[in-house]
Amino acid sequence: MYLIVGGDSLIGSALSAYWVRKGVLHEWSTRNTDQVTEVRPYLDLSSKTWQSLEGKCYSAVVLCAAITKLSDCENNPVMARNINVLATTELAKLMSSRGSHILLLSTSQVFDGNSLKNRFEYERVCPVTEYGRQKAEAERCILELPQSAVLRLAKVTHPGLAILAKWQSSLEAGRSIEAFVDLNLAPIPLEHVVTRIDELIRKCETGVFHLFDECEISYYEFAREYFKYIPNSEFLIKKSYRYT
């Protein structure tokens, strides 16, 4: 039996759906009291509420819950650190003490935002954002536990991604959008993330792992490729610059 912490999150819910299709026994937590069931325990990292796990043991725990929005971490670092570092590691230690294999989902933000093409798992982290610093700290704590692993992700893409939905709405209405030409991403489809997590859990892998697309492109190039099916998109997608 596995546990997904953060079952309401994008990756957590997608992983749960994948495991349901595969017939994998698991539970996935929720912060919504009206969603609690036998297989959906109530967990709230913000208040360190996990009484629902009393006496429970899982062969593996996937930590998906986090404050991931960069502006939220910058504007309220104490609140974000309480969840991203303190509560996450406290829960991980509890479940590790019960014999669980722990997998923390982390981010490419533990690096400085430059090219990811030649970033290796053994490299020293160098975050420049508050979110990146918090994830780097959480990584250090998790990796001190036995049977633990960290999976660093680049930008996860899916049709429901807020920026893609906003861009699509504008382009379909014939309105122009702007995308950075001096900021790159290595997009990872959501389904690739889910299958990689499943693989790491099944094999009880330990250590640090990267899931970055080998094809690193600018946001401008990504938008042009992603929305090429929309008529006149090549004229409606404009270049913008993050660094001027």
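Name the residue, out of Ile188, Ile201, that is touching a strand residue (DSSP E or B) at 6+ places or on another chain (Cβ under 6 Å), of a type in the set (Val, Ile, Thr) and touching a residue at least 60 places away in the same chain (Cβ under 8 Å). Please lay out each step first, then the result.
Working: Ile188 fails: touching a residue at least 60 places away in the same chain (Cβ under 8 Å).
Result of the check over Ile188, Ile201: Ile201.
Each row is one residue, and each column tells you yes or no for (1) in contact with a Gly (Cβ under 6 Å, 6 or more places away or on another chain); (2) under 20 Å from Ala149 (Cα atoms).
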{"position": "Glu27", "(1), (2)": "no, yes"}
{"position": "Arg40", "(1), (2)": "no, no"}
{"position": "Ser52", "(1), (2)": "no, no"}
{"position": "Ser59", "(1), (2)": "no, yes"}
{"position": "Val62", "(1), (2)": "no, yes"}
{"position": "Ala65", "(1), (2)": "yes, yes"}
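Identify the single condition in (1) more than 24 Å from Lys238 (Cβ to Cβ); (2) in contact (Cβ under 8 Å) with a residue 60 or more places away in the chain that Asp182 does not satisfy, given that it satisfies every other one.
(1) is the only condition that Asp182 fails.
Is at least one residue of the stretch 194-206 under 27 Å from Ala17 (Cβ atoms), touching a Gly at 6+ places or on another chain (Cβ under 7 Å), modelled with pLDDT of 95 or more and not basic (Lys, Arg)?
The first filter runs over the stretch 194-206 and keeps only residues under 27 Å from Ala17 (Cβ atoms), leaving 194-206.
Retained after the next criterion (residues that are touching a Gly at 6+ places or on another chain (Cβ under 7 Å)): none.
No - not one qualifying residue is present in the stretch 194-206.
In the stretch 142-160, how many residues are of a type outside the set (D, E, K, R) and surrounded by fewer than 17 Cβ atoms within 10 Å (Cβ to Cβ)? If you could, list the steps in order and put the result at the bottom.
Of the stretch 142-160, the ones of a type outside the set (D, E, K, R) are 142-143, 145-151, 153-154, 156-160.
Retained after the next criterion (residues that are surrounded by fewer than 17 Cβ atoms within 10 Å (Cβ to Cβ)): 143, 146-147, 158-160.
Number satisfying all stated conditions: 6.
Does any residue of the stretch 142-158 turn out to be part of a helix (DSSP H, G or I) and within 23 Å of Ser29 (Cβ to Cβ)?
Just the residues of the stretch 142-158 that are part of a helix (DSSP H, G or I), to begin with: 142-143.
Keeping just the survivors that are within 23 Å of Ser29 (Cβ to Cβ) gives 142-143.
Yes.
Only residues that are over 19 Å from Leu45 (Cβ atoms), modelled with pLDDT of 90 or more and polar (S, T, N, Q): list them for the stretch 132-182, please.
Correct list: Gln147, Gln168, Ser169, Ser170, Ser176.
Give the residue, chosen from Lys69, Lys22, Lys56, that is among the basic types (Lys, Arg) and under 15 Å from the mean Cα position of the chain (by Cα).
On the way: Lys22 fails: under 15 Å from the mean Cα position of the chain (by Cα); Lys56 fails: under 15 Å from the mean Cα position of the chain (by Cα).
Step by step, each of Lys69, Lys22, Lys56 is checked, and only Lys69 is among the basic types (Lys, Arg) and under 15 Å from the mean Cα position of the chain (by Cα).
The values are calculated or read from the model by the stated rules, or taken from the named source; none is laboratory data. The model shown is predicted, which means the values in this text are computed figures rather than measured ones. FYI the Cβ positions are ideal-geometry reconstructions off the backbone, even for glycines, and counts take in every protein chain you see.
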